[in-house]
């Protein structure tokens, strides 16, 4: 170790890897991973969320899964739950849509209205 | 590699013996079977503290803490939680219906009153991965010390924090560092005492297993402060997991250049090596420890000269205990003022205790100094099992004493415990209920010291042996008038005459039980009775005629045919034949047998 900067760089990198273990004040992305969701492709959606968060060095959001959300015909479904508890439900997702949600909703704090359940049911 | 879930599995010795490695193997197998081995990461970590409920595992990002997990539960955890995202509520620790699972354990008294400083990373990081330690501010304190502070400033900060030695005696740490720093010598050493030997104590082991880098970092800081370039950790070979993780940690620290030459590109260099002890209790005494590191038979020598003047190989040496070191990096990072705001006037910070004996929550707890014994026993410990009454707590191991129920509200700190004839000790705390005989307890600890006495000085070698003989007589019902006074006289001469701390304090368990429970000694000696019903030689098993239904079960169970009678009439025990094994009492369905 030659400098304090070097130590701090390792610290930043390691923090990213373990940030999943700190769930205070974080946006939660919850993907429905019941049989219906998995059959509709929820798995690639979830992996896309995880990869995109990692790629963009986002430390204030975690991805987790849940069971059947109930509207199987709209799967894959993901809910984005803000720090304040406000919930946005996205439906009929795929990997591409997931990446866009990370870019617009998580990073720029603008929900992707066209993917939300309200739009899909219109 | 980014994982969507981290599973932290406790790999402290407690959970390892309750089969946590088997859980991990099973889980790995099932992750592969479900094709999610690249999504879920299994991490071994250190002690969470609540060994009673082990094995414990925590799953993130949900932060769900599962307790008492068995191999059979793993399939459900993988299928439900990891595959489908459904919490396995029945295994949650604490409030099983908590809306936010990560908060399920918040109302568990065991965790609520603790403050983790020395144990800050135990159960949080993977001890075999230096980067996880670095992520939690690891080695930043060392960086700060060597690049921004002078050695004198480091010592001043430690002195100001009020930290006292956690090995038991409570000597101010800053002053100890100062003594070693002011010696002029071509070579100095920093040593770590990890020869934890008190019966029931496992604080140091848990720190070494759960957070070995905190000790390594602190020893390097100490080396910088006193001007030493070589350190030794003296750890007992009976701690294989701690030894393994220390070896890994030292190797990683060398690889990252946090040990070795020119650390942070400064003139400061520091090397660290392990020395394994064979498990002699006396080697926890500082002079014996250093004699043992030198390769000689572990025996103490007279002080002065103190180690700070003439220690290892005759050179100035600084010696601190594991828990003391674990506090150092945090003090440098958060400041002396922060540290000294915790605790009591003369005892700052926290203390780790290993709680055992007759208590619900056996385990490892870290509490702010000044917490009362009542809070430790009832709020954190969960009280005494089976509705029994608290009788006493034993602290300080074979050098300490008993704290009776009258002193339950005493705030725990160095000075308060000394005042009532016990001591802080390294942190073992054994809780005793009404069924514990205090003479028997004193005998237990004295047996331990007699066994562990190195034999170098006569007061300890001969004196403790004579005391044990007297205690043995008393518990056999052969106590004589004057025995108690003889015990007191012997205790005084051993305390004054023994060479080292082990010998000087060896009579403490007897003295403190005599102080608070003299009536029990007198009952043994004069009335030949053991009030707690423990000393078998003083007991008789008796059938109460009114309660006996004459079922003959006890007579059939008795291994020596000491019980006779006629069916449907009260049976009788022949006291001459009875070997007092207690089988009859256990087998009786009508509670008709008593021991008196």
Would you call residue B:183 free of Cβ contacts under 8 Å to residues at least 40 places away in the same chain and more than 18 Å from the chain's Cα centre (by Cα)?
no
Out of B:23, B:50, B:8, which single residue is touching a helix residue (DSSP H, G or I) at 6+ places or on another chain (Cβ under 7 Å) and within 19 Å of residue B:102 (Cβ to Cβ)?
B:50
If I ask for residues that are more than 19 Å from the chain's Cα centre (by Cα), in contact (Cβ under 8 Å) with a residue 60 or more places away in the chain and within 25 Å of residue B:533 (Cα to Cα), which ones from segment B:407-441 would you list?
B:433, B:434, B:435, B:436, B:437, B:438, B:439, B:440
Test each condition in (1) within 30 Å of the chain's Cα centre (by Cα); (2) surrounded by fewer than 19 Cβ atoms within 10 Å (Cβ to Cβ); (3) at positive phi for residue B:35 and report the one that comes out false.
(1)
Considering (1) within 24 Å of the chain's Cα centre (by Cα); (2) within 14 Å of chain A (Cβ to nearest Cβ); (3) free of Cβ contacts under 8 Å to residues at least 24 places away in the same chain, say which one residue B:171 fails and leave the rest.
(2)
Being in contact with a helix residue (DSSP H, G or I) (Cβ under 9 Å, 6 or more places away or on another chain), crowded, with 23+ Cβ neighbours inside 10 Å and under 26 Å from residue B:449 (Cβ atoms) narrows it down to one residue among B:233, B:221; which is it?
B:233
What number of residues within segment B:387-402 satisfy the criterion of being surrounded by fewer than 24 Cβ atoms within 10 Å (Cβ to Cβ) and in contact with a strand residue (DSSP E or B) (Cβ under 8 Å, 6 or more places away or on another chain)?
4
Inspect segment B:255-271 for any residue being away from chain A (no Cβ under 14 Å) and part of a loop (DSSP other than H, G, I, E, B) and give the result as yes or no.
no
Within the bounds of segment B:93-102, is there any residue that is within 24 Å of residue B:13 (Cβ to Cβ), touching a helix residue (DSSP H, G or I) at 6+ places or on another chain (Cβ under 6 Å) and outside the structural domain of residue B:378 (by TED's automatic domain parsing)?
no
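Which residue is farthest from residue A:61 (Cα to Cα), if the candidates are limited to segment A:101-115 and must be within 15 Å of the chain's Cα centre (by Cα) and surrounded by fewer than 16 Cβ atoms within 10 Å (Cβ to Cβ)?
Out of the qualifying residues, it is A:110.
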Among helices (runs of 4 or more DSSP H) entirely inside segment A:1-99, those with 2 or more residues being within 11 Å of chain B (Cβ to nearest Cβ), without any contact (Cβ under 8 Å) to a residue 24 or more places away in the chain and touching a helix residue (DSSP H, G or I) at 6+ places or on another chain (Cβ under 6 Å) are A:4-18
Within segment B:569-587, considering residues that are in contact (Cβ under 8 Å) with a residue 40 or more places away in the chain and at negative phi, the one nearest to the chain's Cα centre (by Cα)
B:585
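Can you tell me which residues in segment B:237-254 are outside any helix (DSSP H, G or I) and touching a helix residue (DSSP H, G or I) at 6+ places or on another chain (Cβ under 6 Å)?
B:239
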Residues in segment B:349-376 that are within 15 Å of the chain's Cα centre (by Cα) and either under 30 Å from residue B:334 (Cβ atoms) or in the same structural domain as residue B:13 (by TED's automatic domain parsing) (or both): how many?
13
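The values are calculated or read from the model by the stated rules, or taken from the named source; none is laboratory data. Since we're looking at a predicted model, the values are computed, not measured. Note: ideal-geometry Cβ built from the backbone for every residue, glycine included; neighbour counts use all protein chains shown.
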